[in-house]
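Visitor: One structure, as structure tokens, below. Some questions next.
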Amino acid sequence: MLSSFIEAFMSTISTDLNVESSNFFNDFNKRFVRKDATECHYVLVSRIAIFDSSSLPHWGL
């Protein structure tokens, strides 16, 4: 039973990180920073955004 709670928690955190990074990526980077970049650049920026959102504390903003 404990393992199912841990799995649910990990799934929630994973989803939260992906949503935050995609929001940053689509709303800010793709619109304002580099509109015509390659897919490789977009993947790199998405990975950096996931790392940033996972390393910074969440203040409920």
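Visitor: Once Cα extents along the principal axes in Å is worked out from the coordinates, which option in (i) 48, 24, 16; (ii) 49, 17, 10; (iii) 37, 23, 15 does it equal?
Guide: Structure-derived value, by its label: (i).
Visitor: Measure nothing fancy, just the Cα-based angle from helix 2-24's long axis to the longest principal axis of the chain, in degrees from 0 to 90, nearest 10.
Guide: 20 degrees
Visitor: Another question, then. I want the local charge near Ser46. Using Cβ-Cβ distances under 13 Å, sum +1 for each Lys or Arg and -1 for each Asp or Glu among the other residues.
Guide: -1
Values quoted throughout were computed directly from the atomic coordinates according to the rules given, and no laboratory measurement underlies them. Owing to the predicted nature of the structure, the values given are computational and were not obtained by experimental measurement. No Cβ is skipped: glycine too gets one built from the backbone with ideal geometry, and neighbour counts run over all protein chains shown.
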